[in-house]
Amino acid sequence: MFLKPTYSVKGDISLLDIEQLYNDGIRGLIIDLDSTLMAPKSGNIDPVTEAWLVRARERFQMVVLTNNKREAYIENASLVLSMPVIGYAAKPWKAGFRKALDALQLPPAEVAVVGDRPLTDIWGGALSDMRTVLVRPLACIVEPSIKTFFRNLEHVFIKR
Ligand SMILES: [Mg+2]
């Protein structure tokens with residue numbers, strides 16, 4: 001089984017081309033939280049990502065979808081990002097994506113799923129008939145090498 005993201009960004013989310021998605025008919029984004037928008041456990045957003053979000057807001061309805069289950073963490077992220085954050089998503093399964101689509105009030109054809117993980121974000125978006133954007137983890141994160149190893153391993157599922 002191979003996954004092919006609709007778009008593959010050669011960097012983190014701040015390099016995602018907003019106008020290209022908009023011109024391709026995307027009106028809403030379902031965005032992953034950890035490593036895609038915020039450094040895991042950091043509880044805050046870096047200035048580069050913040051600047052991208054400000055521009056993205058002019059084009060898209062946005063909601064965050066995370067497998068995280070910690071209420072306080074989810075609540076803080078929602079405040080910091082000023083957008084709804086849906087937790088307990090159990091990505092790649094459909095229920096969480098359906099909730100996110102309800103929040104956006106958009107058809108799947110007009111929504112793209114953005115995330116750094118092939119087996120949760122990209123597979124999940126594809127299972128729910130949405131376009132997908134694979135981004136690299138935030139450039140500001142320095143992650144332990146063992147985690148990088150497993151993340152790279154996961155990329156064997158991606159068809160280039
Ligand atoms: Mg992630």
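Key figures for this structure:
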{"read-out": "In the range 34-117, the trypsin sites (Lys or Arg not before Pro) that fall in loop regions by DSSP, at most 10 other Cβ within 10 Å", "value": "LYS41"}
{"read-out": "Overall Cα dimensions of the range 82-160 - principal axes, largest extent first, Å", "value": "39, 31, 20"}
{"read-out": "Reachable lysines, given that their alpha-carbon falls under 22 Å from the alpha-carbon of LYS147 and they are not under 8 places away in the same chain", "value": "LYS10, LYS41, LYS69, LYS91, LYS159"}
{"read-out": "Pairwise centroid distance, computed over Cα atoms, of the range 1-18 with the range 63-122, Å", "value": "17"}
{"read-out": "Phi-based couplings in Hz for the range 72-83 (Karplus 6.51, -1.76, 1.60; Gly and Pro marked x)", "value": "5, 5, 5, 5, 4, 4, 5, 5, 5, 8, 6, 8"}
{"read-out": "Spin-label pair CYS140/LEU153, simplified geometry with 7 Å Cα→Cβ offset, distance in nm", "value": "3.0"}
{"read-out": "For the range 7-157, with +1 on Lys and Arg beta carbons and -1 on Asp and Glu, the positive-most of VAL114, VAL64, VAL156 along the dipole", "value": "VAL156"}
{"read-out": "About the Cα centre, charge dipole magnitude for the chain (Lys/Arg +1, Asp/Glu -1 at Cβ), debye", "value": "440"}
{"read-out": "Choice from ASN67, ASN76, ASN23 with maximal GNM fluctuation in the chain (Cα, 10 Å cutoff)", "value": "ASN23"}
{"read-out": "Sequence-separation-based contact order of the range 7-157, relative, with Cα cut under 8 Å and 6+ spacing, percent", "value": "30"}
{"read-out": "Placed amide H near THR132: partners under 5 Å, 5+ positions off or other chain", "value": "THR6, TYR7, VAL113"}
{"read-out": "Mean ellipticity per residue at 222 nm, deg cm²/dmol - from DSSP H runs of n ≥ 4 across the chain, formula -39500 (n - 2.57)", "value": "-9500 deg cm²/dmol"}
{"read-out": "DSSP beta bridge pairing in the chain, given as percent antiparallel to the nearest 5", "value": "0"}
{"read-out": "Estimated vicinal HN-Hα couplings, Hz - the range 60-68 in sequence order (Karplus 6.51, -1.76, 1.60; Gly, Pro = x)", "value": "10, 7, 9, 9, 9, 10, 10, 7, 4"}
{"read-out": "Normalised per residue, the volume of the convex hull around the Cα set of the chain (Å³)", "value": "105"}
{"read-out": "Positive-end residue, the chain charge dipole about Cα centroid, Cβ charges, pick of MET83, LEU53, LEU104", "value": "LEU104"}
{"read-out": "Candidate aspartates and glutamates for bridging to LYS94, where Cα separation is under 12 Å - those fewer than 8 sequence places away on the same chain excluded", "value": "ASP121, ASP129"}
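Any read-out appearing in this document is the output of simple, stated calculations on the displayed coordinates, not a laboratory observation. Source: prediction; values computed, not measured. Reconstructed Cβ throughout: ideal geometry from the backbone, glycine too, with neighbour counts over all protein chains shown.
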